[in-house]
Amino acid sequence: MLIDNFRLHSRKLICCLGIVGASLGTMIPHAAYPQTTSVPVIRILRVTVAGGTTFKLQENWFRQSTEITDNNKKCGVRTGEKFFVSSISDNRNNNAEYREGNRVEKAKDYYTVTFDSPLPCNRTNQTWYIFKNHVEQLQAIPIRR
């Protein structure tokens, strides 16, 4: 075979191969990406701030924990504690603010969380507000045996 007289047109070749590959991927989508069953993700919040933190109910999200006198409306937790999460929102589009003197609390600085089971300090499963800088989100995927 004579290679000396054969000219490769690399740009044209790559372009054609790209078009053919994309067309095949569109016509036969399962050939490139096999269908998989969705795997449940376990979401966990771990308290990371030294000294622990306080989870607060909705009407008190902006208050300092010492200002909340009703213990049913707050829940103190220790550093290192982990909680299984049923739903979580990062409130990034929530522009609610609370101003008192020089202090400004913003809803987007808090997670809104519902846990899989009620917290030990409050027997009802309610939605809690948690300061983002005090916790870490973890995820786990169950392994089948």
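Determine by what factor the alpha-carbon radius of gyration of the stretch 51-105 differs from 2.2 N^0.38 Å, reporting the quotient.
Numbers: Rg = 12.9 Å, N = 55, 2.2 N^0.38 = 10.1 Å.
Expressed relative to 2.2 N^0.38 Å, the Cα Rg reads 1.28.
From the backbone phi of the stretch 68-75, what are the Karplus-calculated ³J(HN,Hα) couplings (6.51 cos²θ - 1.76 cosθ + 1.60, θ = phi - 60°) in whole Hz, Gly and Pro given as x?
Running phi through 6.51 cos²θ - 1.76 cosθ + 1.60 with θ = phi - 60° gives 8, 8, 7, 5, 6, 10, 8, 9 Hz.
Which ³J(HN,Hα) values, rounded to whole Hz and listed in residue order, are derived for the stretch 131-139 from phi using the Karplus coefficients 6.51, -1.76 and 1.60 in 6.51 cos²θ - 1.76 cosθ + 1.60 with θ = phi - 60°, glycine and proline given as x?
After applying 6.51 cos²θ - 1.76 cosθ + 1.60, I find 4, 4, 6, 9, 9, 10, 8, 10, 9 Hz.
Assuming R0 = 30 Å, what is the FRET efficiency of Asn102 and Ala50, from their Cβ-Cβ distance, to the nearest 0.05? All intermediate terms of the calculation are to be shown ahead of the outcome.
On the way: r = 24 Å, r/R0 = 0.82.
Calculated transfer efficiency: 0.75.
Please give every one of the lysines within straight-line cross-link reach of Lys108, meaning a C-alpha to C-alpha distance under 27 Å, and leave out same-chain neighbours fewer than 8 residues apart.
Straight-line reach from Lys108, under 27 Å: Lys56, Lys73, Lys74, Lys82, Lys132.
Which whole-Hz couplings ³J(HN,Hα) result when phi for each residue of the stretch 51-67 is put into the Karplus expression 6.51 cos²θ - 1.76 cosθ + 1.60, θ = phi - 60°, listed in order with x for Gly and Pro?
x, x, 8, 10, 7, 10, 6, 3, 5, 10, 4, 8, 7, 6, 4, 5, 7
Take Ile42 and Lys82, extend 7 Å from each Cα along the Cα→Cβ direction, and tell me the distance between the two endpoints in nm.
Distance between the two pseudo-spin positions: 0.7 nm.
Sort the stretch 49-143 into rounded, prolate or oblate with this rule: let a ≥ b ≥ c be the square roots of the eigenvalues of the Cα gyration tensor; rounded if a/c is under 1.5, and if a/c is not under 1.5, prolate when a/b is larger than b/c, oblate otherwise. Can you show the working numbers first?
Details: a/c = 1.72, a/b = 1.36, b/c = 1.27.
Prolate.
Bear in mind that the values in this text are calculations on the coordinates, not laboratory data. Small disclaimer: the values here were computed from a predicted structure and weren't measured. Methodologically, a virtual Cβ is constructed for each residue, glycine included, from the backbone with ideal geometry; neighbour enumeration extends over all protein chains shown.
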